Amino acid sequence: MKDTWGEKLFYAFNYVLLTAAALSCLLPLIYLISISLSDSQAVASGIVSLWPVGWSLDSYKALFVGTNIKEAFWNSIVLTGVGTALSMLFTIAAAYPLSRNYFIGARFFTLLIVFTMMFGGGLIPTYLVVKALGLINTYGAVWFTGLVSAYNMLVMMTFFKHIPAELDEAAQMDGCGEWRYLATIVLPLSVPVIAALSLFYGVGYWNSFFNVLIYINDTSKYNMAVLIQQMVQSQSLLAELNQSSSSDQIVLTPEAIKASGIITMVLPMLVVYPFVQKHFVKGIMLGAIKG
Amino acid sequence: MNVKEEGRPSKEVKPAASGISTVRVDKDYSLWKEKSLDEFRRVVSMRKRVNKQMVYGSMVCIAALSALLAACTKESADPAPGASSGEGGAKRGQISVSLYDRGTVPQQVGTVEKNNWTQYVNEKGPVDVKFVPIPRGESVQKLNVLFASGSAPDVIHEFDSPFRNQLYASKQIMPVDDLIEKYSTVYKKLLQKYPELKKAATKPDGKMYEFGRVQRLVGFQALFIRNDWLKKLNLKVPQTTEELLQVAKAFAEQDPDGNGKKDTYGIALSSETGATVDTMFQNFGWIEEGGKMIKDWDRAQAALAFKKQIYDSGLTDKDFLADKNGQKSIQDWVSGKTGIFVGRTVDTVNFKTYYEPLKKNVPGAEVIAIKLPESPYGRFAAGVNNPVQMTTVINASAKDPAAAMKYVDFMSSDEAAKSFRYGFENVHYTVGPQGCPVQKDPEKYKTEIAWNVDFQLLLQQIEMGDCAQVEAQLNPDVPLEKDFIEIIKQNNEANLASDVKYGRITHAEHFPSLPANLQTIATNTAQISDIYNKAIVSGDKYTVDQAMKDARKMWDDQGGKQLEDFYGKWYAEQKDKAFLAADMMKFAKK
């Protein structure tokens, strides 16, 4: 079938709009890459645009050579891997019973959880709780304070609810218990939402900054987000050095360090994204349409 | 001999470094792997009947849990790394001290809490010190949490004076007069030599609560002007604000860079340059008049009118308001597009920010630092450093305040200062022809010393003489650095000349902190600057007079009167006791 003139116009319009949207996301990233690869002199003079001026890996060297970034990278992976597994485990464990309409008090507990989306204890009370539990300076503090995201739990619960009840009935007839039903029927059917939520949790843990900063005192346990932030900060907080600073400590412009730090943070996520993306898109769609 | 000595410290340092970060993480990991495998096997044998998916599920679950347990138990079994060193020494006090973490400690020398300098403090110092890293960017937040949970360190180094005042107000830090009297030797002497240290440390209740560092008074901000442009256009160094406007006009319109295009700015207006225009007119919000501290409006109006004139005549970047942190104005300056610009001359890094790139981009550029031009309100210093900077307080719940005092004494001693600044003689430096230390090996200096600035919060730089000044840290054999040494000298003269006044009531760090309710008012009234900005860029549509009227109205509506009362009362009570502008001038080099 041939496209009508109107349709062609519509497509053209769509392409222009989408290209613009894509560029508005891509250009800043490209700009950052080009800044991070440019000579600091050129960055300071503001002549760098989308192509690096005077190739230089100095800002990456500053990030990688002689710093704890390798440990921080590994810490980030542990923090993200274990954290995501834990979060998923508990999210599923909460979402499944709450999705069963024969579970007495499901509504009450759901409301209780929704309540936490609006009200929180505040930083210092939370810190005191974490301290009383002996979790200070362990990743437990990061994992348990944000173990289940109420929003994610609701998405998963909604998804579970829309698995046809007939399946449940049939399974019960055959003598299948709750655990087995969950493991062999519900979870395999929920791969999309599991993938999507894992990615949410994963990105969240990968980027976790404030919790690590507040609860972790041992610098060898810092993750990438904190370490890189520290480096960037120290480049820009120069006012106070006021005569006490020693000569060649800082030769890089904060912009270059910032850029290379951001790229280093984003890159692993960029690599992981394509693998989860197809599930991700499907997961969101399914939850949205049915919810 | 030299070789041997050079080798020693780095050898001492290395094992400590490898011991910490890498091994710990690996241990964590292997523990995790072993445990989870064991658990896995047990699970399998226990539940052979359970179907396959179930096992996978519980494996993931148990692996996760055991990893968690491993992380937790390891922590409690392993005492804090810093505490162990130097035990056994008879009756050495033990304290914990906060230390800024900037992520700049090179891996070869260890981590923030354990490195060659923490070792130095523990070995040479009189007490055992456990350093508690405080992330620099979020220091106030972190310290707040630590205080609230009762786990704050005994000695706290913090630059933020409102935060220290807050600690004082909530009685979380202790008065130190008695401690100094009983236990101090070094700091006591400093107090006698520089009574201003006491002035600055004394809180409204009449007791001292803070320790600080004394530095020579030098020029901080510098009004840079392109001398080659002045010469080319046959202009003189501007002496009054009127002349400054003329020069800026010529710079903007007469093509001083000779490229045939009208692409130059006379003067920058964002960030520090804009603030310096305020300085020219002494527009700091508060002035002293007839022995009273009052809110000023005349100077604000004059400064605003001047800025508006610059903007309306097209002498500056039209988008200066978008340049929030001044980055764009620096770029314009170093690429040779701006004729008048305010930079700094207090740190060697300033050379690399303001001068070196400019000379690379425009080799013919010639920069001088000049006195601020005279305004109807007088002639003022562009900006000076805070010569008496308070940095250190002692936690009210410190168990061993005497040990904390000894630590403070050690950190402010000449010996420690020299080591922190230059390293060790013949290892890191040799004494040069001018009697100043000269670095032996820049690489070694960089890994072992350059990053230790956060150990220098009690470093009495004024005691270290000329060698510790910025000029001495630049190399006069490098032509560009030699130029900058000259510029630093010019700026010190321009800022500290006898016909130049320091326009503020006192350095911002010595202002009293506002109580919370007044803080809100201060934040609200700070939006007056939006009115001023609007007036600068709105041309004829929004006049200076109208802006001043609106600003005063906003000030009154938001309760600015309460601020006037607060500061007025503070000044009336404290003007003889507090550390004010006149005290600062005593620290200039005679």
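Per residue of the protein assembly as shown, the DSSP helices (runs of n ≥ 4 H) give a summed -39500 (n - 2.57) that works out to -17500 deg cm²/dmol at 222 nm. For B:LYS541, a cut-off of 18 angstrom between C-alpha atoms picks up these lysines, skipping any fewer than 8 places away in its own chain: B:LYS307, B:LYS308, B:LYS318, B:LYS549.
Ratio of Rg to Rh for the stretch A:1-151: 1.17 [Cα atoms; Kirkwood radius as inverse mean 1/r over pairs]. Counts of other chain beta carbons within 10 angstrom of each beta carbon in peptide A:210-218 average 5. Largest mean-square fluctuation among A:ILE185, A:ILE33, A:ILE113, in a Gaussian network model of chain A whose springs join Cα atoms under 10 Å apart, belongs to A:ILE185. Could you report the stretch A:28-171's accessible area per residue, 1.4 Å probe, as an integer in Å²? Dividing the accessible area of the stretch A:28-171 by its residue count gives 49 Å². What's the angle, to the nearest 10 degrees (0 to 90), between helix A:191-206's Cα axis and the longest principal axis of chain A? Tilt relative to chain A: about 30 degrees. Overall form of chain A: oblate. Here a/c, set by the Cα gyration tensor axes a ≥ b ≥ c, is 1.5 or more, and a/b is not larger than b/c. Farthest toward the positive end of the dipole of the stretch B:250-345, out of B:GLY326, B:LEU304, B:GLY274, is the Cα of B:GLY326, where the dipole comes from beta carbon charges about the Cα centre.
Give the lysines whose C-alpha is closer than 19 Å to that of B:LYS232, dropping any in the same chain fewer than 8 places away, or say none. Qualifying lysines at Cα under 19 Å: B:LYS249, B:LYS261, B:LYS262, B:LYS337, B:LYS359. For B:LYS575, the aspartates and glutamates whose Cα falls under 17 Å of its own Cα, not counting residues fewer than eight places away in the same chain, are B:GLU196, B:ASP205, B:GLU288, B:GLU289, B:GLU509, B:GLU564, B:ASP565, B:ASP583.
A Gaussian network model of chain A, with springs between Cα atoms under 10 Å, assigns the largest mean-square fluctuation among A:GLN230, A:GLN277, A:GLN172 to A:GLN172. For the stretch A:1-130, the relative contact order comes to 11 percent (Cα pairs under 8 Å, sequence separation of at least 6).
Highest mean first, the peptides B:316-328, A:214-226 sorted by other C-beta atoms within 10 Å per residue fall in the order A:214-226, B:316-328. Assuming charge only on the beta carbon of Lys and Arg (+1) and of Asp and Glu (-1), the dipole of the stretch B:500-572 about its Cα centre is about 140 debye to the nearest 20. Quantify how much of the Cα-Cα distance distribution of the protein assembly as shown extends past 36 Å, in percent. So the portion of pairs separated by more than 36 Å is 58 percent.
Distance between the modelled labels on A:SER24 and A:ASN207, one decimal in nanometres: 1.8 nm (7 Å Cα→Cβ projection). The shape of the stretch A:20-96 comes out oblate: with a ≥ b ≥ c from the C-alpha gyration tensor, a/c is at least 1.5 while a/b does not beat b/c. If you take the square roots of the eigenvalues of the alpha-carbon gyration tensor of the stretch A:85-154 and sort them as a ≥ b ≥ c, do you get rounded (a/c under 1.5), prolate (a/b over b/c) or oblate? It is prolate, given that a/c is not under 1.5 and a/b is the larger ratio. What the Kirkwood sum gives for the stretch B:399-518 is a hydrodynamic radius of 17.6 Å, with every pair of different alpha carbons counted. Work out the FRET efficiency for A:VAL129 and A:GLU178 from their Cβ-Cβ distance, taking R0 = 30 Å, and round it to the nearest 0.05. Computed FRET efficiency for A:VAL129 and A:GLU178: 0.45.
Amide H to amide H distances under 5 Å link B:LYS501 with B:ARG379, B:PHE380, B:ALA381, where only residues 5 or more positions off or on other chains count and H is placed in the peptide plane. Scalar couplings 3J(HN,Hα) for the stretch B:459-472, obtained by applying the Karplus form with A = 6.51, B = -1.76, C = 1.60 to θ = phi - 60°, are 6, 8, 5, 5, 6, 8, x, 5, 4, 8, 6, 4, 3, 6 Hz; x denotes Gly and Pro. About its Cα centre, the dipole of the stretch B:251-398 is roughly 200 debye, where the only charges are +1 on Lys and Arg Cβ and -1 on Asp and Glu Cβ. Near the amide H of B:VAL388, under 5 Å away, which other amide H atoms are found, from residues 5 or more places off or on another chain, if H is placed in the peptide plane? Those qualifying (amide H under 5 Å, at least 5 residues apart or on another chain) are B:GLN215.
With θ taken as phi - 60° and the Karplus curve 6.51 cos²θ - 1.76 cosθ + 1.60 applied, the whole-hertz 3J(HN,Hα) list for the stretch A:92-108 is 5, 4, 8, 5, 5, x, 5, 7, 7, 7, 8, 7, 5, x, 4, 5, 4 Hz, x standing for glycine and proline.
Taking a point 7 Å out from the Cα of B:LYS318 in the direction of its Cβ, the residues of the stretch B:524-565 whose backbone N falls within less than 20 Å of it are B:533-543. Peptide packing for B:372-384, B:417-429 was compared via the average number of neighbouring C-beta atoms within 10 Å per residue; ordered from the highest value, the list is B:372-384, B:417-429. Look at the dipole of the protein assembly as shown built from charges on Cβ: of A:TYR11, B:GLN239, B:VAL346, the Cα furthest out on the positive end belongs to A:TYR11. Sorting B:340-348, B:512-520, A:13-21 by their mean Cβ neighbour count within 10 Å, with the most densely packed peptide first, gives B:340-348, B:512-520, A:13-21.
Here the stretch B:188-208 is scanned for amide nitrogen atoms under 20 Å from the site 7 Å beyond the Cα of B:MET585 along Cα-to-Cβ, giving B:194-197, B:199-200. Length available on full extension from A:SER49 to A:LEU111: 0.36 nm per residue minus the Cα-Cα distance, which gives 17.2 nm.
Take the Cβ atoms of B:LYS553 and B:LYS231, set R0 to 45 Å, and the FRET efficiency comes out at 0.40.
Considering only Cα-Cα distances, which of the following residue pairs are longer than 22 Å: A:LYS221/B:LYS91; B:LYS188/B:LYS577; B:LYS198/B:LYS501; B:LYS446/B:LYS489; B:LYS182/B:LYS589; A:LYS221/B:LYS114? Checking Cα-Cα distances, A:LYS221/B:LYS91; B:LYS198/B:LYS501; B:LYS446/B:LYS489; B:LYS182/B:LYS589 exceed 22 Å.
Surface composition of the protein assembly as shown: carbon plus sulfur atoms hold 59% of the accessible area, using a 1.4 angstrom probe and ignoring ligands, DNA and RNA. Annotation: Cα Rg of the stretch B:82-184 relative to the compact-globule expectation 2.2 N^0.38 Å equals 1.16.
Inter-chain Cβ neighbour count for A:124-133, averaged per residue, equals 3 (cutoff 10 Å, partner chain atoms only).
Most fluctuating residue of A:THR84, A:THR158, A:THR126 in a GNM of chain A with Cα springs under 10 Å: which is it? Most flexible of the set in this elastic network: A:THR126.
A Cα-only calculation for the stretch A:121-187 places Rg and Dmax at 18.5, 52 Å.
Between the beta carbons of B:LYS399 and B:GLU564, assuming R0 = 41 Å, the FRET efficiency works out to 0.40 to the nearest 0.05. Computed with a 1.4 angstrom probe on protein heavy atoms, the B-A interface buries about 6000 square angstrom of accessible area in total. Here the stretch B:507-538 is scanned for amide nitrogen atoms under 13 Å from the site 7 Å beyond the Cα of B:ALA169 along Cα-to-Cβ, giving B:512-523. The length gained by stretching the chain between B:GLN434 and B:ASP477 to full extension, at 0.36 nm per residue less their Cα-Cα distance, is 14.1 nm.
Taking 37 °C and 0.692 mPa s as conditions, the stretch B:228-382 diffuses translationally at an estimated 203 µm²/s according to Stokes-Einstein applied to its Kirkwood radius (Cα pairs).
Taking θ as phi - 60° and the Karplus parameters 6.51, -1.76 and 1.60, the scalar couplings of the stretch A:266-274 work out to 7, 3, x, 5, 4, 6, 6, 3, x Hz in sequence order, x denoting glycine and proline.
Taking Cα atoms only, the orientation of helix A:123-132 departs from the longest principal axis of chain A by about 70 degrees. Inter-chain neighbour count for B:144-151: the average number of beta-carbon atoms from partner chains within 10 Å of each residue's beta-carbon is 5. Along the axis of the charge dipole computed for the protein assembly as shown (Cβ charges of +1 for Lys and Arg, -1 for Asp and Glu, origin at the Cα centre), the listed residues A:ALA106, A:VAL226, A:GLY66 are led at the positive end by A:ALA106.
The values are calculated or read from the model by the stated rules, or taken from the named source; none is laboratory data. A quick note: this is a predicted structure, and the numbers were derived from the prediction, not measured. Cβ sites come from the backbone with ideal geometry, for glycine too, and all protein chains shown count toward neighbours. In case anyone asks, the SASA skips ligands and DNA or RNA and just uses the protein heavy atoms, side chains included. Shrake-Rupley method; radii C 1.70, N 1.55, O 1.52, S 1.80 Å.
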